[in-house]
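Novice: One structure, as structure tokens, below. Some questions next.
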Amino acid sequence: MSDLTGLRPGAFCQKVLLALSASEGRRRRRKRNTTPDAIGLSMKRSLLERAAREDPAPDDFEGWLLSACNGEDGGGVRAMALEILTEWQLFQVEPSFRVWLEQGAPSDDS
């Protein structure tokens, strides 16, 4: 998928990292054991930080995510890579999601 917004994957990933703070805020308020949530968020954060640093080309981002999963144990990292890819694709086609991220992902849960 080519980048329709002019924003490269590295910059997109930096914006998604800001949005993770809201997820962490919700996680901390839950009454149940949220250890699995924290593990998933940590995997996602690691992938996002690496993508932000390496800034793959927009047309190569899906392949980059796939290669980032090579050698990783279990399906957790693959699941987070798929989530990031889905968010990237949504960013390409959904103006409201794009605006929300570009505004710094405002949330009452942050």
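Novice: Taking region 9-37 on its own, how many of its residues are under 25 Å from GLY75 (Cβ atoms), surrounded by 13 or more Cβ atoms within 10 Å (Cβ to Cβ) and modelled with pLDDT under 85?
Specialist: Residues in region 9-37 being under 25 Å from GLY75 (Cβ atoms), surrounded by 13 or more Cβ atoms within 10 Å (Cβ to Cβ) and modelled with pLDDT under 85: 9 in total.
Novice: Can you spot a residue in region 88-96 that is buried (at least 16 other Cβ atoms within 10 Å of the Cβ), at pLDDT 95 or above and within 11 Å of the chain's Cα centre (by Cα)?
Specialist: yes
Novice: Is there a residue in region 71-81 that is within 18 Å of PHE12 (Cβ to Cβ) and either among the aliphatic types (A, V, I, L, M) or free of Cβ contacts under 8 Å to residues at least 12 places away in the same chain (or both)?
Specialist: Checking region 71-81: at least one residue is within 18 Å of PHE12 (Cβ to Cβ) and either among the aliphatic types (A, V, I, L, M) or free of Cβ contacts under 8 Å to residues at least 12 places away in the same chain (or both).
The values are calculated or read from the model by the stated rules, or taken from the named source; none is laboratory data. Computed from a predicted model, the values in this text were never measured in an experiment. No Cβ is skipped: glycine too gets one built from the backbone with ideal geometry, and neighbour counts run over all protein chains shown.
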